[in-house]
Amino acid sequence: MKIIWHFILFVFSISCLAAIAGVILFAGIIYKFGQALPDFKNLENYHPPVITRVHAGDGRFLAEFAQERRIFVPVTEIPERVIQAFTSAEDKNFYNHKGVDVIAVTRAVVTNLKNRGKDRRPVGASTITQQVAKNFLLTNELSYERKIREAILAYKLEESFSKNRILELYLNQIFLGQRSYGVAAAALNYFNKPLNELSIAEAAYLAALPKAPNNYNPETRHEEAIGRRNWVIDRMLEDGHITQEEADDAQKTPLITVPKSDSDVVNAPYFAEEVRREIQKTYGDEALYRGGLSVRTSLDPKLQTIAEKALRNGLMSYDRKRGWRGPIGRATDIKDFKTTLKNIPPPPGIIPEWRIAMVLSPKGSIGFSDGSEGKLAPDDIKWTGSNPLKSGDIIMTEAFSDKADETIKQKNIFNIRQVPKVQGALVALDPNTGRVLAMQGGWKTEGNEFNRATQAKRQPGSAFKPFVYLAALDKGYTPSSIIMDSPITFTDTAGNVWKPENYHDDFLGPTPLRVGVEKSRNLMTIHLAQAIGIDTVVDYAKNFGINDKMARNLANVLGADETTLMQLTAAYGMIVNGGKKISPIFIDRVQDRTGKTIQSGDHRICTGCGPLIKWENQETPDIPDNREQIADPRTSYQMVSILEGVVQRGTAKSLSDLGIPLAGKTGTTNDSKDAWFIGFTPDLVAGVYIGFDEPKSLGDKETGGSLAVPVFKEFIKAALEDIPATPFRVPDDVRMVQVNARTGKPTNASDPNAIWEPFLDGTEPTDNSPFSSENGDRATSENNDSSYDGVYKPPSISTPLPAKEMLTPNPDDRSGTSLEGTGGLY
């Protein structure tokens, strides 16, 4: 008995020593691995990187910018169903353990011991808290040392943070495939739904992804994805979160991912890139790619679609006139055209409406990658005459549409397409606010977002002239003032001679100021600029935002100095809005990740406005107009009226059949390298530019009227469809007087050339009043008679030019001269 007692005492002593040794060993392990642990206190104020999302003016999705596609959602806003799915799948005892699930660890140890030597990945037992510790504070290293550190950190996290905070960190940080970080981003990317609309089956699928998202990809590993989803549903049933009926229904539900609907997304890459640049410049990369900004833009999706189509049609129309350049490839075997076409990558510049096809017969039979066949339109076959089609040619096509009515599609008839080499841009904005409503900066973004609306500096040619004439109106001239249209020669101090010419090399003699704009008369513009002074013109170019550093060269009054389409279009907006300063605005509002507005496109100050003001039938607050007045509203309206004449009688007369109030001005640079048209209604201004990226002639007979005006016409006609026409607003203190459009003399309604001309009070002409010319002399009745045929040959005037107005071209000017029919610049 004594021996037994001694044995029991021995065993007890050994057990105690072993326990003490175990405690010491455990303490030692804790001490060893607990040293130099990452500081987890910063998780208390942790703000994960979040997507910056950009929306169009109607709220539809436009773009997103992020290094990690994440949308942060507070745990209080995450539905219980989603939380239950993740806890059932990842940590069923989450609400009961203190960071480490001992039972799960024991089970994992036993399993891993059984699997030793079987080349199997060790089974884990990480709790959600441990995963937070690993994802935020440790690496993915597979080692027992890392697991020990993870367990220690998990315990410390549980001591410092609530279960909800730990869940919030986990559900917003975890990677769930397809560049989705966090459950909210995954719900949108897989199902195009917010979290509160997810079904049990959808929530379960998301909860199936944390372990290995690629292994359960719904497209490439569909069966495995369904199996893992159904396993999560079983766990939810086992944990009592759903009923058997709900589980059965969820497991029968097909796994279908839903991409964003086209109706929910606006495609405007040039606009989106401009917004990205502006956000980056204002707030920096950190805010742009990680700050979770919400950006509401000024983009009007309907106008953007119209702008894109109008510009592309214009570029294709010009390119088609230049001829067929041949197929994009050729195949030797046409029998298996379906397989051949499937293996052809999309060529650069191809747009979604086009299809790649193979020519099966020179007579126009074609085949597509889906095995279907069609016919080419007869006119298109003729178009390729200089380089006729051959069997095996690979071409781009588009479903045939009737030119008179593009909604009429002929089944299985196709047009040949080729990507234009010419480029262009179209921009539309609100002239009263500067909000950019549409912008197409080229044919298509193709890995190069170079925007010809905002980045391409080109010479505007005669599209600049209205600002010379507006300056003259502000200096006391009237639309009926007589300006000489006569030859003039300049010689600078270096002996260079410049002899500008009109486009048609003719002269009208003494002519009303209005005609100088309507007919785009170069020599009248030169004479007028001399009279008012080049410094005045330079000031107007700066004040209207066209060019801050315009050189003091007389050639520049004809549009030789460079600007962008955006700048010039905004400048025209300042004419139609009555001379108020505006700047192009792409962004209406920026909010930070908390919803606080940190930028607003509307800078007006409103006393009596705000979210906390209660409506009690008080008067609407009077919001002051704080736009800078840079031109007289009365003379601005005179210029609007003159530019209406360009549409009614001048270089943009092809627009007159639209039957709506329109005004604008064409521009063509020397050798027809650039073609412009800027036009407007009372509430919409749009600019069009067409030219090559490497400047070269568009063709001897190509002008702003032949190239840019048709694009504007297609755009404005569609943009204003079903919108009642609005006349241009006439300011106070303006008198409308009937005059002869060709002479400027007072007349009456019986005169076929009679127009209503706006005059400032006190400047309107009378039958006995002299018409002012630049020299103050009354024009002769011969040259002011309505029957005058425009043939006028006065003696040439030779003028020495001061050194400060040297005519030598700007050395930074790529094309040297850009004058509309001026005869060149030395």
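The values are calculated or read from the model by the stated rules, or taken from the named source; none is laboratory data. It should be emphasised that the depicted structure is a prediction, and the values quoted were computed from it without experimental measurement. Heads up, the Cβs are rebuilt from the backbone with ideal geometry, glycines too, and the neighbour counts pull from every protein chain shown. Only protein heavy atoms, including side chains, enter the accessible area calculation; ligands, DNA and RNA are left aside. Shrake-Rupley method; radii C 1.70, N 1.55, O 1.52, S 1.80 Å.
Numbers for the structure displayed
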read-out: Residue list for the stretch 173-202, filter: closer than 27 Å to ALA154 by Cα, of a type outside the set (Val, Ile, Thr), open to solvent by less than 30 Å² (accessible area, probe 1.4 Å) and part of a helix (DSSP H, G or I); value: ALA184, ALA185, ALA186
read-out: Any hit, the stretch 429-437, residues being part of a strand (DSSP E or B), at pLDDT 95 or above, surrounded by fewer than 22 Cβ atoms within 10 Å (Cβ to Cβ) and of a type in the set (S, T, N, Q); value: no
read-out: Failed item in (1) open to solvent by less than 10 Å² (accessible area, probe 1.4 Å); (2) touching a Ser or Thr at 6+ places or on another chain (Cβ under 9 Å); (3) within 17 Å of PRO420 (Cβ to Cβ), with GLY349 passing the rest; value: (2)
read-out: Some residue of the stretch 453-472 being more than 23 Å from ILE306 (Cβ to Cβ), at pLDDT below 95 and part of a loop (DSSP other than H, G, I, E, B); value: no
read-out: Condition met for GLY744 (under 25 Å from ILE532 (Cβ atoms), part of a loop (DSSP other than H, G, I, E, B), modelled with pLDDT under 90 and not polar (S, T, N, Q)); value: no
read-out: Residue count for the stretch 614-647, restricted to those that are closer than 22 Å to ALA718 by Cβ and at pLDDT below 95; value: 0
read-out: Residue within the stretch 124-132 that is touching a helix residue (DSSP H, G or I) at 6+ places or on another chain (Cβ under 9 Å) and modelled with pLDDT under 65 present; value: yes
read-out: Complete set of residues in the stretch 359-376 that are loosely packed, with under 13 Cβ neighbours inside 10 Å and within 17 Å of LYS342 (Cβ to Cβ); value: ASP370, GLY371, SER372
read-out: Selected residue (criterion: modelled with the lowest pLDDT) from residues of the stretch 135-159 that are open to solvent by less than 50 Å² (accessible area, probe 1.4 Å), assigned to a helix (DSSP H, G or I) and within 24 Å of VAL75 (Cβ to Cβ); value: LEU137
read-out: Scope the stretch 598-633; condition hydrophobic (A, V, I, L, M, F, W, C) and within 33 Å of the chain's Cα centre (by Cα); matching residues; value: ILE598, ILE605, CYS606, CYS609, ILE623, ILE630, ALA631
read-out: Considering residues of the stretch 518-560 that are under 27 Å from the mean Cα position of the chain (by Cα) and either outside any loop (DSSP other than H, G, I, E, B) or in contact (Cβ under 8 Å) with a residue 24 or more places away in the chain (or both) only, the residue surrounded by the fewest Cβ atoms within 10 Å (Cβ to Cβ); value: LYS542
read-out: Conditions (1) of a type in the set (S, T, N, Q); (2) modelled with pLDDT under 80; (3) exposed (fewer than 13 other Cβ atoms within 10 Å of the Cβ); number of the one not met by THR111; value: (3)
read-out: Single residue of the stretch 378-406 satisfying the filter (among the basic types (Lys, Arg) and part of a loop (DSSP other than H, G, I, E, B)) that is modelled with the lowest pLDDT; value: LYS403
read-out: Qualifying residue in the stretch 608-617 (condition: under 21 Å from GLU278 (Cβ atoms) and out of contact with any Pro (no Cβ under 6 Å at 6 or more places or on another chain)); value: no
read-out: Criterion (open to solvent by less than 50 Å² (accessible area, probe 1.4 Å), among the hydroxyl-bearing types (Ser, Thr, Tyr) and closer than 30 Å to GLU308 by Cα) met by exactly one of TYR205, TYR170, TYR270, TYR216; value: TYR270
read-out: Any hit, the stretch 281-290, residues being in a helix (DSSP H, G or I), open to solvent by 30 Å² or more (accessible area, probe 1.4 Å), in contact with a helix residue (DSSP H, G or I) (Cβ under 7 Å, 6 or more places away or on another chain) and at pLDDT 95 or above; value: no
read-out: Restricting the stretch 219-242 to residues that are acidic (Asp, Glu) and in contact (Cβ under 8 Å) with a residue 60 or more places away in the chain, the residue that is surrounded by the fewest Cβ atoms within 10 Å (Cβ to Cβ); value: GLU238
read-out: Strands (runs of 3 or more DSSP E) enclosed by the stretch 590-684 - at least 1 residues per element that are basic (Lys, Arg) and within 26 Å of ALA428 (Cβ to Cβ); value: 663-668
read-out: Within the stretch 610-625, tally of residues that are free of Cβ contacts under 8 Å to residues at least 12 places away in the same chain and either open to solvent by 70 Å² or more (accessible area, probe 1.4 Å) or on the phi < 0 side of the Ramachandran plot (or both); value: 11
read-out: Subset of the stretch 77-98 (residues that are within 39 Å of the chain's Cα centre (by Cα), open to solvent by 70 Å² or more (accessible area, probe 1.4 Å) and within 19 Å of SER162 (Cβ to Cβ)); value: GLU77, GLU80
read-out: Among the residues listed as THR607, THR594, THR569, the single one being over 15 Å from TYR469 (Cβ atoms), crowded, with 24+ Cβ neighbours inside 10 Å and β-branched (Val, Ile, Thr); value: THR569
read-out: Candidate set: the stretch 55-76, residues that are in a strand (DSSP E or B) and in contact (Cβ under 8 Å) with a residue 40 or more places away in the chain; chosen: the one surrounded by the fewest Cβ atoms within 10 Å (Cβ to Cβ); value: PHE61
read-out: Residues (open to solvent by 20 Å² or more (accessible area, probe 1.4 Å) and β-branched (Val, Ile, Thr)) located in the stretch 637-653; value: THR651
read-out: The stretch 556-582, residues that are in contact with a helix residue (DSSP H, G or I) (Cβ under 7 Å, 6 or more places away or on another chain), over 20 Å from ASP632 (Cβ atoms) and of a type in the set (Gly, Ala, Ser); value: GLY559
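Here's the yes/no breakdown for (1) closer than 26 Å to ALA560 by Cα; (2) of a type in the set (Val, Ile, Thr); (3) open to solvent by 30 Å² or more (accessible area, probe 1.4 Å); (4) assigned to a strand (DSSP E or B):
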{"position": "GLU694", "(1), (2), (3), (4)": "yes, no, yes, no"}
{"position": "ASP700", "(1), (2), (3), (4)": "yes, no, yes, no"}
{"position": "GLY705", "(1), (2), (3), (4)": "yes, no, no, no"}
{"position": "ALA718", "(1), (2), (3), (4)": "no, no, yes, no"}
{"position": "THR726", "(1), (2), (3), (4)": "no, yes, yes, no"}
